[in-house]
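Structure, as structure tokens:
Please treat every number below as a calculation from the coordinates, not as lab data. Predicted model, so just to flag it, every value in this text is computed and none were measured. In this analysis, Cβ positions are derived from the backbone assuming ideal geometry, glycine residues included, and neighbour counts consider all displayed protein chains.
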Amino acid sequence: MDRLAVRGAYLLSFALWATAAGAHPAIDSFVSFCFKAGQTVEQARTNMESVAGSPLSFTLTFWDKSLAPAPGTPDHAERRCAVDFAGNHGQTAMRAIQAKMARPPVFGTPIPLPAPYAAVDGTEYIEGRELLRGRIAVVHIGTRDDRTFIAVDRLPAGMRLSE
């Protein structure tokens, strides 16, 4: 891709993100910190409170097994960052997340969804992404029971893709 095309793609992704930014504190917090590796539970909450205020006006689910034990979490994921909040904001969240993933550094390469991930009722967007060092991420956005959810799971290196 030539330099002009790269610049155009960057400007478009920034414009999409800018139109969605400020739409909801949960979306802004997710975009700012859920793709950031190396956070403890406490750091993730503090980082999100720096964007959305304290106490958080949304539900945050966060764990990273590479940093601390996380009993009762699924075996197939090593890290999860998810927010859940009132209202139907799925389309706004999708635009903001897609713009974030398209900005440098680009967030992985789209791949087929690994097992056990699948769209559920209310899914606006779900996509698997191949990351560096053999890891995979799954981003899932949707609305159920008039609540919007946004989640990103990071899977361990070597996770097999579904056939």
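What the table shows:
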| item | result |
| --- | --- |
| Whole-number Å³ per residue for the convex hull built on Cα positions in the stretch 99-141 | 62 Å³ |
| Gain in span if fully extended, residue 76 to residue 32, counting 0.36 nm per residue against the direct Cα distance | 13.4 nm |
| In sequence order, calculated HN-Hα J values of the stretch 123-135 (Karplus, 6.51, -1.76, 1.60; Hz; x Gly/Pro) | 5, 9, 7, 8, 8, x, 9, 7, 9, 5, 6, x, 8 |
| Where N is the number of residues in the stretch 48-149, Cα Rg divided by 2.2 N^0.38 Å | 1.13 |
| Cut-off 15 Å, label 7 Å out along Cα→Cβ of residue 59, residues of the stretch 81-123 by amide N | 81-88 |
